[in-house]
Amino acid sequence: MANGGSSSDPAAAPIGVFDSGLGGLTVVRQLSRAMPGEAIVYLGDTARVPYGIRSLATVRQYALEDAAFLLRFAPKLIVVACNTASAAAVEALEAFCRPVDVVDVIRPSAAAALAASKGPIGVIGTEATVASGAYERAIHAIDPRRRVVAKACPLLVPIVEEGRDEADPIVLSVLSDYLRELQRLRPGAMILGCTHYPLLARAIGKLMGPDVALVESGESVAAEVQRRLRAAGLENLGKSGGTLRCFTTDNPQRFAQLSERFGGRKIDVVDLVGTDELRSAIEPADRGFP
Ligand code: DGL
């Protein structure tokens, strides 16, 4: 497998990004906006999506396999663009990828929500993300007294992938049902704790009202990545020239077709990698990681 970086200049190494599928392109979009000179290698595990309905142990195993694949490109940092994988596996990923730095989507979003408001914080995410309690832990690690209410919204991922518009009555009806409890909470901030929810931000904002700050992962994650690269002297300071190479584990045509809605640009070349190849990326000694 080709190494994505240059051995002579560590700053030229790529940033590795993975997600269960397409949704992580919402994070890639913000990474490219903030750091237009960076090379990004993206893996979308489309053969095993969705992660959000699986057990945390299974998601952890998948996440380690995804990261092992990206490590073949000698990345300077890995971004876990998937909320569910971040919730299930961040500590395991940090241990597994060391010395490569790992940035998850949960801690930067938790910090951004706390900075945005002094009021209660609402969180919406997949079933697995909400069941993990990861957002509560990340928020309480900074402010143990802050009230947090999290709500699983499992129908939203398929609705977004189906391409339904925010103004679609079905979308509004599903959202109204899911958000009822959070509307009563009157949060100061609400975390869109899933890669797909930024595509519904306008409708969510309308239902929650203008006083609720909506927090999307992309921007705070991009800021955190930039901060870490700068601190390590690994930032690529180019004002343009960044590249994006995408891999999926299934159906690259669908990935290419839907990429523009998520990533804000059309992605023509999507390479296919089998899940067996992902699994074999983990050294035998690392298999069955706890
Ligand atoms: N990428 C997932 C997340 O952010 C959503 C899709 C899935 O369930 O795999 O939680």
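Annotation: SER109 fulfils all but one of (1) of a type in the set (Gly, Ala, Ser); (2) closer than 27 Å to ILE282 by Cα; (3) open to solvent by less than 20 Å² (accessible area, probe 1.4 Å); the unmet one is (2). Scanning the stretch 23-55 for residues that are away from the ligand (no atom under 12 Å from the Cβ) and part of a helix (DSSP H, G or I) gives VAL28, ARG29, GLN30, LEU31, SER32, ARG33, ALA34.
With respect to PHE255, is the statement that it is open to solvent by less than 10 Å² (accessible area, probe 1.4 Å), within 25 Å of CYS153 (Cβ to Cβ) and touching a strand residue (DSSP E or B) at 6+ places or on another chain (Cβ under 7 Å) true? Break it down into steps so the answer makes sense when it comes.
Values: open to solvent by less than 10 Å² (accessible area, probe 1.4 Å): yes; within 25 Å of CYS153 (Cβ to Cβ): yes; touching a strand residue (DSSP E or B) at 6+ places or on another chain (Cβ under 7 Å): yes.
Yes; evaluated as a whole, the condition is true for this residue.
Taken together, the residues in the stretch 91-112 that are in contact (Cβ under 8 Å) with a residue 24 or more places away in the chain, part of a helix (DSSP H, G or I) and more than 18 Å from LEU278 (Cα to Cα) amount to 7. Of all residues assigned to the stretch 48-62, none qualifies as being surrounded by 24 or more Cβ atoms within 10 Å (Cβ to Cβ), at pLDDT 95 or above and under 21 Å from ALA222 (Cβ atoms).
The values are calculated or read from the model by the stated rules, or taken from the named source; none is laboratory data. In this text the structure is predicted, and so the values were computed from the model without any measurement. Glycine gets a Cβ as well: all are built from the backbone with ideal geometry, and neighbour counts include every protein chain shown. Note: areas computed on protein heavy atoms with side chains; ligands, DNA, RNA excluded. Shrake-Rupley method; radii C 1.70, N 1.55, O 1.52, S 1.80 Å.
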